[in-house]
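Presented below is the structure to which this report refers.
The values are calculated or read from the model by the stated rules, or taken from the named source; none is laboratory data. In this text the structure is predicted, and so the values were computed from the model without any measurement. Cβ: placed from backbone, ideal geometry, glycine included. Neighbour counts: every protein chain shown. Remember, those area values only see protein heavy atoms, side chains included, never the ligands or the DNA or RNA. Shrake-Rupley method; radii C 1.70, N 1.55, O 1.52, S 1.80 Å.
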Amino acid sequence: MTDTSIRLLQDEDWDDVVALEALAYGPSGLSEGREALRSRHRASPSTCFVLEHAGGFAGYLLALPYPLFHCPNLSVAERGVGCEGDRGNNLHLHDLVLAERVRGRGMARRMVRHLEKTGRETRHRSLSLVAVGGSRPLWSRLGYRTRPEVVLPASYGAEAVYMTKSLAPAADAPPRSASGARGTS
């Protein structure tokens, strides 16, 4: 799909991000609002992405380093900025939303694979997420494992479940050099 690309989230994307997030999560009461969303981005701008398809905004993914078995509270903005590298070896996939027009085309899988590659390149050992809105089967198919022992903030609702995935190096990844150099995106 040459008319599809993934790039870093930029300031001019926020109106589209906020509108899509409200459409996706507003009806269930899980919408966070602009400031909370922007705080997740400020915590780790190198792990927040936009999907462009056919020349336009088609979705976004927000991820940030977060301690394993913990997650952001939806009702609270992240404190501080520049948290990349400060929170251990886990990368938390906080939010992934696609526009209706691109759903069912493998775009979610493509964005998750991009995040996994980024996580490996930045030496994160695991990914975590909170599955909401009945999305647990999707995440299970992508290799995430339910962690029912993790107690979630009430802001996620009763149906939410915490899930994790190991970021062990991909079997087809080239070996790292003795100097520890990493490949580029």
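Among residues of the stretch 4-21 that are farther than 10 Å from Phe49 by Cα, those with a beta-carbon under 7 Å from a residue that is part of a helix (DSSP H, G or I) and open to solvent by less than 10 Å² (accessible area, probe 1.4 Å) at least six positions away or on a different chain give the pairs Val17/Leu37; Val18/Leu37; Glu21/Leu37. Output the residues belonging to the stretch 50-66 that are open to solvent by 10 Å² or more (accessible area, probe 1.4 Å) and either in contact with a helix residue (DSSP H, G or I) (Cβ under 8 Å, 6 or more places away or on another chain) or under 20 Å from Asn90 (Cβ atoms) (or both). His53, Phe57, Tyr66 - these are the residues of the stretch 50-66 that are open to solvent by 10 Å² or more (accessible area, probe 1.4 Å) and either in contact with a helix residue (DSSP H, G or I) (Cβ under 8 Å, 6 or more places away or on another chain) or under 20 Å from Asn90 (Cβ atoms) (or both). Among the residues of the stretch 1-44, those that are among the charged types (D, E, K, R) and in contact with a Gly (Cβ under 8 Å, 6 or more places away or on another chain) comprise Asp3, Arg42.
Cβ-Cβ contacts under 6 Å between residues 6 or more apart (or on different chains), taken from a first residue in the stretch 28-48 that is closer than 12 Å to Ser75 by Cα to a second residue that is aliphatic (A, V, I, L, M) and part of a helix (DSSP H, G or I), are listed as Ser31/Ala22; Arg34/Val18.
Could you tell me whether any residue of the stretch 99-115 is over 23 Å from Val18 (Cα atoms), touching a residue at least 12 places away in the same chain (Cβ under 8 Å) and in contact with a strand residue (DSSP E or B) (Cβ under 9 Å, 6 or more places away or on another chain)? The answer is no, given that none of the residues of the stretch 99-115 is over 23 Å from Val18 (Cα atoms), touching a residue at least 12 places away in the same chain (Cβ under 8 Å) and in contact with a strand residue (DSSP E or B) (Cβ under 9 Å, 6 or more places away or on another chain).
Every residue, every condition in (1) open to solvent by less than 20 Å² (accessible area, probe 1.4 Å); (2) of a type in the set (S, T, N, Q); (3) over 16 Å from Ser46 (Cβ atoms); (4) touching a Pro at 6+ places or on another chain (Cβ under 8 Å), yes or no:
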{"position": "Asn90", "(1), (2), (3), (4)": "yes, yes, no, yes"}
{"position": "Arg103", "(1), (2), (3), (4)": "no, no, yes, no"}
{"position": "Ala108", "(1), (2), (3), (4)": "no, no, yes, no"}
{"position": "Arg123", "(1), (2), (3), (4)": "no, no, no, no"}
{"position": "Leu138", "(1), (2), (3), (4)": "no, no, yes, no"}
{"position": "Leu142", "(1), (2), (3), (4)": "yes, no, yes, no"}
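Looking only at residues of the stretch 19-49 that are in contact with a helix residue (DSSP H, G or I) (Cβ under 9 Å, 6 or more places away or on another chain) and closer than 18 Å to Val112 by Cα, we find that the one that is most open to solvent (accessible area, probe 1.4 Å) is Ser46.
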